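**Student:** Pasting in a structure now, in structure tokens, and then I'll have a few things to ask.
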Amino acid sequence: CEKRQVPPENCCFDASGGGISFAALVHRLWSPRVRSVSSGGKASSKDLKAEKGPDGKPIRGCDKYANRATELWCINVPFLRTRQLRCIPDDLAKELCSRQVAKKKGTANLDKIQIESKRDYKDREKQSPDGADAWNLAVSEAVTRHGFRVSDAPVEGTAPVHPRRAAP
């Protein structure tokens, strides 16, 4: 990053699991301004600016998502709908679309969205969704640190994210 002149405040990584030790090293050896984000635990209490409840007030992440991983995974959806994010490579699009809704057990969080665990994804797809995880984290950081906001209307003059192909 230093070689490419990327400032530490424009860098982030997932600090879940083994990333906790990595975060301590990065902060000590490079800069504490690098953001380590945990995808574990509860969804945030931050407002989802793109979504409003029946009363017109923004919905909080913890009101819609069962956990932080799901919140991070879904952050790009409104930006894709408004075409603010587009030209996504096919391999990334496949990863973004292939994580499934989890089969919920018990009664907790039945009204909230929850994605399947990374372990279940890896068992099914035979690979980790690392590209999509990095993409979602980058979108989250653009929102959190740089004020990236969802447009009220689709961006004019752009093609759909994945145009439908004509039938053979």
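The values are calculated or read from the model by the stated rules, or taken from the named source; none is laboratory data. Keep in mind it's a predicted model, so treat the numbers as computed, not measured. Positions of Cβ are backbone-derived with ideal geometry, glycine not excepted, and every protein chain shown enters the neighbour counts. All accessible areas refer to the heavy atoms of the entire protein, side chains included, with ligands and DNA or RNA removed. Shrake-Rupley method; radii C 1.70, N 1.55, O 1.52, S 1.80 Å.
**Student:** If I go through region 87-98 residue by residue, how many of them are open to solvent by 70 Å² or more (accessible area, probe 1.4 Å) and either under 15 Å from Ala153 (Cα atoms) or in contact with a helix residue (DSSP H, G or I) (Cβ under 8 Å, 6 or more places away or on another chain) (or both)?
**Tutor:** Within region 87-98, residues that are open to solvent by 70 Å² or more (accessible area, probe 1.4 Å) and either under 15 Å from Ala153 (Cα atoms) or in contact with a helix residue (DSSP H, G or I) (Cβ under 8 Å, 6 or more places away or on another chain) (or both) number 1.
**Student:** Now for a different question. In this structure, is Ile88 in a strand (DSSP E or B), within 18 Å of the chain's Cα centre (by Cα) and of a type in the set (Val, Ile, Thr)?
**Tutor:** Here the answer is no, as Ile88 does not meet what is asked.
**Student:** Okay, moving on. Residue check: is Asp130 under 19 Å from Asn67 (Cα atoms), loosely packed, with under 12 Cβ neighbours inside 10 Å and either touching a Cys at 6+ places or on another chain (Cβ under 9 Å) or at pLDDT 90 or above (or both)?
**Tutor:** It is true that Asp130 is under 19 Å from Asn67 (Cα atoms), loosely packed, with under 12 Cβ neighbours inside 10 Å and either touching a Cys at 6+ places or on another chain (Cβ under 9 Å) or at pLDDT 90 or above (or both).
**Student:** Could you list all residues from region 19-60 that are basic (Lys, Arg) and under 19 Å from Val150 (Cβ atoms)?
**Tutor:** Lys46, Lys49, Lys52, Lys57, Arg60
**Student:** Given the conditions (1) exposed (fewer than 14 other Cβ atoms within 10 Å of the Cβ); (2) at pLDDT below 90; (3) not hydroxyl-bearing (Ser, Thr, Tyr), which single one is not true for Arg124?
**Tutor:** Checking Arg124 against (1) exposed (fewer than 14 other Cβ atoms within 10 Å of the Cβ); (2) at pLDDT below 90; (3) not hydroxyl-bearing (Ser, Thr, Tyr), the one that fails is (2).
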